[in-house]
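J.: This is the structure I have questions about; it appears just below.
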Amino acid sequence: MSEQKESALQFPCDFPLKVMGRADPGFDELVVEIVLRHVGEVREGAISLRASSNGNYLSVTVTVQAQSQEQLDNLYRELSGHERILMVL
């Protein structure tokens, strides 16, 4: 019997990730590059950007087609471990 972590999600599923950091040049490209390493590709319209009211911070939301909890965990770990990324939701 193999042990697998229980997940409330049913895979595959669309899963939105919101990644926040300083609105420095290339921040959105960095986020997309990391996401693509884990999911291969994203659909057209799956990426949205939103700047903070003062323009100091940027949130990048990427909706991915998640295949497993392990894939999401690995993606979250890489995103949250990057020094330019302040928060991942």
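Where a number appears in this text, it was derived from the coordinates with a stated rule and is not lab data. Being a predicted model, the structure only gives us computed values, none of them experimental. Cβ placement follows ideal geometry from the backbone for every residue including glycine, while neighbour counts extend to all protein chains displayed.
J.: Could I have the simple spin-label model distance between S68 and L36, label points 7 Å from Cα toward Cβ, reported in nm to one decimal?
T.: 2.4
J.: Another one. Out of residues 5 or more away from A23 or on other chains, whose amide H comes under 5 Å of its own, with H placed 1.01 Å from N in the peptide plane?
T.: Close amide H contacts, sequence-distant or interchain: Y57, L58.
J.: Under a Cβ-Cβ cut-off of 14 Å, what is the net charge of the residues other than N56 that fall near it, where Lys and Arg count +1 and Asp and Glu count -1?
T.: Result for the local shell: +2.
J.: Now a separate question. At a Förster radius of 25 Å, what calculated FRET efficiency corresponds to the Cβ-Cβ distance of D24 and L89, to the nearest 0.05?
T.: Calculated value: 0.80.
J.: Using the Karplus curve 6.51 cos²θ - 1.76 cosθ + 1.60 with θ = phi - 60°, what ³J(HN,Hα) values do you get for each residue of the stretch 17-33, in whole Hz, with x for Gly and Pro?
T.: Couplings: 10, 10, 10, 10, x, 5, 7, 8, x, x, 4, 5, 5, 4, 4, 5, 4 Hz.
J.: Net charge near V31, counting Lys/Arg +1 and Asp/Glu -1 over other residues with Cβ under 14 Å of its Cβ? Write out the running numbers ahead of the final one.
T.: Working: positive: K18, R22, R37, R50, R84; negative: D24, D28, E29, E33, E78, E83.
Surrounding charge for V31 is -1.
J.: Sorted by packing (mean other beta-carbon atoms within 10 Å per residue), highest first, where do 39-52, 67-80 land?
T.: 67-80, 39-52
J.: Using +1 on the beta carbon of Lys and Arg, -1 on that of Asp and Glu, and nothing else charged, what's the dipole of the stretch 1-80 about the Cα centre, debye to 20? Mind showing how you got there, number by number?
T.: Values: 7 positive and 12 negative charges, 52 e Å.
Value, rounded to 20: 240 debye.
J.: Mean 1/r over all different Cα pairs, inverted: what Kirkwood radius does the stretch 13-88 give, in Å?
T.: In the stretch 13-88 this quantity evaluates to 12.5 Å.
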